[in-house]
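*Asks:* Shown below is the structure under consideration.
What follows is calculated from the coordinates using simple rules that are stated; it is not laboratory data. Remember, predicted model here, so these are calculated numbers, not experimental data. Note: ideal-geometry Cβ built from the backbone for every residue, glycine included; neighbour counts use all protein chains shown.
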Amino acid sequence: MGFSTSSEQAGQSQRPVMALVCDQPSDPLCQALFQALAKVAPHHAIRFNPDPPVPNAIEVTLHRGTTGDSLSWRDAGGPPQSGATIRNTGEPADHASALVQALPDLAKATRIGNSSR
């Protein structure tokens, strides 16, 4: 990931935010999730582990497990929704794509005009 200019940051600050919660943002799977989420939510500014949390952000959390990984997501004020647990058998990009595809209704929630953000 490269550095962004102040004009890029200004443009991103006006976009709705998606928070990606990963224990290790430098982990190849977290990096691949960032890219996969950017494809699903191209109008959102994606942030790793924002501190403090961003009000009204969609929060996507990676859950690592011994039998597989899963994602959950929560829209501002909404209940958390969990995706299926998927065993990692391939490249991080393929695994990330499968995890994102397993999230119920995330693509619909990220469409501009479907939220109050």
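*Asks:* List the residues, sorted by chain then number, that are 5 or more residues from L20 or on another chain and whose placed amide H is less than 5 Å from its amide H.
*Replies:* R47, F48, N49, V60
*Asks:* So between Q24 and A107, what do we pick up on full extension, going 0.36 nm a residue minus the alpha carbon distance?
*Replies:* Extra length from Q24 to A107 when fully extended: 27.4 nm.
*Asks:* Rg/Rh for segment 19-110 to two decimals, with Rh computed the Kirkwood way over all alpha-carbon pairs.
*Replies:* Taking Rh as the inverse mean 1/r over Cα pairs, Rg/Rh reads 0.93.
*Asks:* Might you report the magnitude of the Cβ-based charge dipole of segment 19-110 about its Cα centre, with Lys and Arg at +1 and Asp and Glu at -1, to the nearest 20 debye?
*Replies:* Working: 6 positive and 9 negative charges, 31 e Å.
My answer is approximately 160 debye.
*Asks:* Run the quick spin-label model on T67 and R15: label points 7 Å from Cα toward the beta carbon, then report their separation in nm to one decimal.
*Replies:* 3.7
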